[in-house]
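Below is one structure; the comments refer to it alone.
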């Protein structure tokens with residue numbers, strides 16, 4: 001394939017189509033796994049210098065086998081393993097997908113602020129927030145912050161606030177609590193180190209999903 005995901009939107013559409021379930025919805029986990037595989041095997045990505053976090057926004061209904069619908073989902077981290085050229089081990093997430101389908105369906109003309117909130121939420125996950133070693137988290141479809149004023153609190157599950165209601169508690173100009181913001185800073189630093197390491201090793205280190 002001659003183009004990487006960032007240069008070829010039709011490629012993203014092809015991946016979405018190939019990740020569809022029988023009822024026409026998109027399996028978010030399958031899509032993200034395929035996108036990550038493409039990043040790690042695409043000819044352009046063999047140099048590993050073009051590796052960047054990617055956000056996909058779709059109008060399609062996304063879900064998983066366990067959840068009937070999702071506002072968004074983020075892929076598990078990839079690992080860059082030590083090699084003869086370096087002893088450093090780093091982890092980073094590559095991609096997240098957001099769907100406007102349920103925002104528009106659930107909130108009508110009020111869909112934009114909840115969508116912005118969840119965009120911040122998935123970007124936080126993309127950069128590793130909240131870090132799993134924290135002691136102030138709750139496990140609701142993955143680890144999440146408990147801070148009501150933070151975008152990294154889970155919504156729309158197990159008695160948690162609806163996204164539209166949650167917007168009232170979060171300053172969308174500063175959507176993260178101090179701990180999650182620090183987690184994101186660590187994640188961004190990890191991405192920078194990963195790119196520097198891959199560039200220095202000329203792609204000789206091994207990436208695993």
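Every read-out reported here was derived from the displayed coordinates using simple, explicitly stated rules and does not represent laboratory data. All of these numbers come straight from a predicted model, not from anything done at the bench. Ideal geometry is used to build each Cβ from the backbone, glycine not excepted, and the neighbour counts take in all protein chains shown.
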Label-point separation in nm, residue 106 to residue 13, each point 7 Å along Cα→Cβ: 2.8
Extension reserve of the residue 193-residue 161 stretch, reckoned as 0.36 nm per residue once the Cα distance is removed: 7.9 nm
